[in-house]
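Beneath this line is the structure, given in C-alpha cells, with notes to follow.
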Amino acid sequence: MFPSDAPVAPAPAPTFGRGRLVAYAFVLLIVVSLVVAPLLGDLGASLPTAPVAAAPTHGPDTVSVALGAPQTLDPAAAGDAGSTAVIGQIFEGLTTVDASLVVRPALAESWTFTDGGRTAAFTLREGLTFSDALPLTAADVKRSWMRVLDPRAPSPLASLLDEVQGAAEYTRGRGSPDAVGIEADGRTLTVHFSQPSTDFAAVAASPTLAIVPRVGTGGGAFSPGPSFVASGAYIPVEASPTTITLRANDRYWAGKPAIGTVEVVTSFGAGSPVEDFLNGSVDLTPVDSIDSAWIAWDKELGPSLREGSSLSVEYLGFDTAKPPFDDVRVRRAFAEAVDWQRVVTLGSGGQDEPATGMIPPAIPDRSPADFMPPFDPAAARALLAGAGHAGGAGLPPITLVSNGNRYADAIAAQLRENLGVSIAVETMDFNEYFDRLAVDPPPMWTVDWVADYPARTAILRLLLGSDQKNNFGRWSSGAFDAALVAGSSATDPTAAATAFDRAEGIVRDESPVVPLAYTTNYSLSRDGLLGAADNGLGFVRLAGLAWADR
C-alpha cells in the first residue's frame, strides 16, 4: 500500500504550451499542503502572500506570453508541446478549435462530407495569401500535407492522415504519392478516406496539418527572421535564447490581430513564471497545478488565476515487445498491484484528477465508464505467479524511466510492497527521453500527452493503434484496431460510443498502458487582457488577444 504518511514531493512543472509529448523541467515550487478540505478557511491567513504584481514593462501594443521553447517551427517535424504552441500562432490550418472545443472554420470557410463520410470537400476562403502576399490555394494545402507524409522524413504525427486513402502505405514506403487520396483544385481540397471519417474536420485543426509556404532546398525556411513567410496570425521576426518576437501578419485571413507585437518567453532562466508575472515582464503564463493551490488563496495573485479545460492525459506504459511485459499476465499483475487513485491524489497534492481511462474529461464524446484496472494485490500476485514469477522470481531488471514523473517513486514502492518486485527509477532529459521512446523504449515509461483534436481517436488511435509511430510500447491488438474502425465508421453516435468503449475495455484488460491522471491548465493573466482563454489543446490563440483599455 502507498504509505499514508509519505511526503508529497514537489512536482515537476510542465513546459508551457501544448503538444503531443509534454516536456518536464524541474523548477522550484512553493507547495502548500492542504490535507483536509474543511480546514482551508482556517489556513487561508497563513498561505504565502505574493508581492503586488507590477505593471507591464513593455509598450501598449505588446503582450509578453510564456509558451515554452520550440524544438522546431516546422509543423511536419514537430512532436512536442513547446513547438506546437508557437506553430499554432504562425501557421494556420483549414479549421481551428475554440475554447469550448468546438471546431470552427479557419482557412477553410466551409466543408461537406459525402459518400457516407468517405469523402470531404473543403472550400478555402477567397483571396487567401501567405504573409508575403503570394496566393494560398488548395495546392498549398496538399503540398503541406504531403510533407507530413513524406516517407523520407515522416512527421511524428503522420498517422493523423492514416485514414486518407493511400496515406499510410505511402508514409511506410509501400505506396505511391499519386495514390494518396488528396486532390486540389483552386479553392477546393477534396479528401478521400478508406472508411467513414466524419471527425476529420477536427483532425484538420492539428498544428501538424497547418499550411506552410513552398520550402526551398537551401534551408532556413523555418528560422525566425524578417523574411519568414507565415500563414497564421503572426510572423516570427527575431529570436534569442530566451525569447521569440512575433509581429502581427497584416495579411491574416481574419484581419490584422489587435496586438501588434507578442514577445514569446521561452525560458525563465533562474527565475520562475510567477516571479516574471509579479515583476511585470510577462502578461500571460501557464503555472503548475500545485502552484495554483496557493495562488488561488493569495490576495494579489488570486484574481489573476485562470483555469482552462485540458485534453491532457498522463499515463504509464510497458514495452510489450520484450520480456517480461510481452506477457499480458505480467502487465495485468503490475496494473492491479498499484492503487493508482491514491498514488495520484497524494502525489499531486490533490491538484490532478485521477484517471478513469485514457480519454481526458474535456473530450466531448468521452465515456463516463471507469476503464481503470481494479486495485487487487492478491489477484496481482496470482497473475504474476501464473506467469512463472512468484514474488518477482526470474524477472529481468526493470527500470521505470521518465523525464520527471511525480508518481514514479510511489509506483515503485507499491510494486515492491504488493508484488515483491524491485524496480529502478530513472529520469532523463526530455529530448533524449523522446528519442529513446521512439527507438528503444525502456521496460516501463511515462508520457504526458495532449490530444491534437477533441475526439477519442486522437488518443486511442495515435497512441495505441498497431504500427502507430507514437505507440511507444509497441502493443498490437487486432480486436482493438477493429473496435476503432467500427467506432470511426459508425454513423450512429450510440454505435460509435459502444465500439470505442469496447476499445477502452480491451486496453484495461490487456494493460499495455495504465492511465494515471488528467491535468487542468492553469495560467496567470494580466488584468485587462482579453481573449486569454486556453483553447483546450494547451495554448492560447494569440490572434484573439487584446487589451481592454488600449
So Asp509 and Arg174, fully extended at 0.36 nm per residue minus their Cα-Cα distance, gain in nm 117.3 nm
Segment Ala239-Asp492, extension gain: residue separation times 0.36 nm, minus the distance between their alpha carbons | 86.2 nm
DSSP bridge pairs, the chain: antiparallel proportion in percent, nearest 5 | 80
Can you tell me the relative contact order of the chain? Whole percent, Cα pairs under 8 Å, sequence separation 6 or more.
-> 20
Give the peptides 435-446, 458-469 in descending order of average Cβ contacts within 10 Å, highest first.
-> 458-469, 435-446
Compute the distance in nm between two label points, each set 7 Å from the Cα along the Cα-to-Cβ direction, one at Val215 and one at Ala139.
-> 2.0
Loop trypsin sites (Lys or Arg not before Pro), the range 133-168 (other Cβ atoms within 10 Å of the site Cβ: 10 or fewer; DSSP) | Arg152
Order of Arg306, Arg456, Arg174 - criterion: other Cβ atoms within 10 Å of each residue's Cβ, fewest first | Arg174, Arg306, Arg456
Percent of Cα pairs exceeding the 13 Å cut-off, where the set is the range 164-204 | 58
Ala270 and Thr399 label points (each 7 Å along its Cα→Cβ direction) are spaced in nm at 3.2
The range 287-419 shape via C-alpha gyration tensor axes, a/c threshold 1.5 | prolate
Describe numerically, in nm with one decimal, the distance between label points set 7 Å from Cα along Cα→Cβ at Asp185 and at Ala546.
-> 3.9
Span from the the range 320-390 Cα centroid across to the the range 202-267 one, whole angstrom | 41
Gain on full stretching of the segment that runs from Asp61 to Lys322 - 0.36 nm per residue minus C-alpha separation = 88.4 nm
What do you get for Rg/Rh over the range 62-101 if you use C-alpha atoms and the Kirkwood form of Rh?
-> 0.99
Given the convex hull over the Cα atoms of the chain, what projected area results after averaging over all orientations, in nm²?
-> 25.0
Principal axes first, then extents: for the Cα atoms of the range 92-209, list largest minus smallest coordinate on each axis, whole Å, largest first.
-> 37, 34, 27
The range 328-361 scanned against label point 7 Å out from Ala479 along Cα→C-beta; backbone N under 17 Å for 328-333
For the range 268-303 and the range 485-529, compute the distance between their C-alpha centroids and round to whole Å.
-> 30
What's the percent breakdown of Cα-Cα distances in the range 412-547 across 10 Å bins, shortest bin first?
-> 10, 29, 30, 22, 9, 1
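Of Asp448, Asp199, Asp429, how do they rank once you tally other Cβ atoms within 10 Å and put the fewest first?
Asp429, Asp199, Asp448
The numbers here are math on the coordinates, done by the rules we state, and not lab data. None of these values were measured; they are calculated from a predicted model. Here the Cβ is made from the backbone with ideal geometry for all residues, glycine too, and neighbour counts use every protein chain on show.
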